[in-house]
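Below is one structure, written out as structure tokens; the observations come after it.
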Amino acid sequence: MATIRRWTSRASLLACSRLARCSRHFHTRRMNQEFRDAVYQIVAAIPAGTVCSYGQVARMAGYPRHARFVGRLMSQLPKGSKLPWHRVIRGDGGLPLIGTPSGETQLRRLHKEGVAVLGHRVPLRRFQWRPEAAESAPGE
């Protein structure tokens with residue numbers, strides 16, 4: 001009789017339990033207010049003409065690996081919000097909403113701010129916001 005080998009490691013079991021805790025903790029209706037406030041402050045601070053990835057926002061908020069929750073927060077903004085949600089894109093520079101009305105709005109707003117979009121992607125080397133570089137700039 002053949003034995004069935006278990007492919008799950010202790011690390012993957014710990015990761016699953018952490019994910020379950022995070023999922024409960026960040027459930028849509030009860031998303032952590034501290035996380036929400038931090039994300040909104042970071043997105044509000046992204047300068048015009050630059051972009052930031054969902055993962056970068058999550059890391060700056062102190063919640064690495066919570067990029068999807070940043071996306072969920074951006075999708076749940078009330079109509080007429082002044083938050084520059086259009087400056088938050090995918091980690092590979094891709095525009096996440098292409099082909100939708102919101103995607104067209106995002107594309108139009110980025111073009112208006114001078115952000116180049118080539119093939120539905122933003123060249124991150126040129127346009128990614130790097131707040132640590134701005135803090136260490138001489139003369140401030």
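The values are calculated or read from the model by the stated rules, or taken from the named source; none is laboratory data. Please read all numbers here as calculations on a predicted model, not as lab measurements. Here the Cβ positions follow ideal geometry from the backbone for every residue, glycine too, while neighbour counts run over all protein chains shown.
Specify the residue that is surrounded by the fewest Cβ atoms within 10 Å (Cβ to Cβ); the eligible residues are those in the stretch 82-92 that are part of a loop (DSSP other than H, G, I, E, B) and free of Cβ contacts under 8 Å to residues at least 40 places away in the same chain. Explain how you work it out, then say what you get.
Initially, the stretch 82-92 is screened for residues part of a loop (DSSP other than H, G, I, E, B), giving 82-84, 90-92.
If we keep only those that are free of Cβ contacts under 8 Å to residues at least 40 places away in the same chain too, we end up with 82, 90-92.
Numbers: 82: 7, 90: 18, 91: 13, 92: 9.
So the residue we want is 82.
Among (1) surrounded by 11 or more Cβ atoms within 10 Å (Cβ to Cβ); (2) over 19 Å from residue 132 (Cβ atoms); (3) modelled with pLDDT of 95 or more; (4) not small (Gly, Ala, Ser), there is one condition residue 31 misses while meeting the rest; what is its number?
(3)
Write out, first by first residue and then by second, each pair whose Cβ atoms fall under 7 Å of each other, whose residues are 6+ apart or on separate chains, and whose first residue, in the stretch 62-81, is of a type in the set (D, E, K, R) while the second is loosely packed, with under 11 Cβ neighbours inside 10 Å and assigned to a helix (DSSP H, G or I).
72/28
Rundown of residues vs (1) of a type outside the set (S, T, N, Q); (2) surrounded by fewer than 13 Cβ atoms within 10 Å (Cβ to Cβ); (3) in contact with a His (Cβ under 7 Å, 6 or more places away or on another chain); (4) modelled with pLDDT of 90 or more, yes/no style:
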site	(1), (2), (3), (4)
10	yes, yes, no, no
55	yes, no, no, yes
61	yes, no, no, yes
77	yes, no, no, yes
100	no, yes, no, yes
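Being among the charged types (D, E, K, R) and in a loop (DSSP other than H, G, I, E, B) is the filter; apply it to the stretch 53-81 and report the residue that is nearest to residue 126 (Cα to Cα).
Kept after step one, since they are among the charged types (D, E, K, R), are these residues of the stretch 53-81: 59, 65, 68, 72, 79.
Restricting the remaining residues to those that are in a loop (DSSP other than H, G, I, E, B) gives 65, 79.
Working: 65: 24, 79: 30 Å.
Looking at the filtered set, the residue picked out is 65.
Being more than 21 Å from residue 36 (Cβ to Cβ) and surrounded by 11 or more Cβ atoms within 10 Å (Cβ to Cβ): is that true of residue 95 here? Outline the logic, then answer.
Working: more than 21 Å from residue 36 (Cβ to Cβ): yes; surrounded by 11 or more Cβ atoms within 10 Å (Cβ to Cβ): yes.
When the stated conditions are applied, residue 95 passes them.
When residues of the stretch 118-129 are filtered for being under 18 Å from the mean Cα position of the chain (by Cα) and either in contact (Cβ under 8 Å) with a residue 12 or more places away in the chain or assigned to a loop (DSSP other than H, G, I, E, B) (or both), how many remain?
Qualifying residue count for the region: 8.
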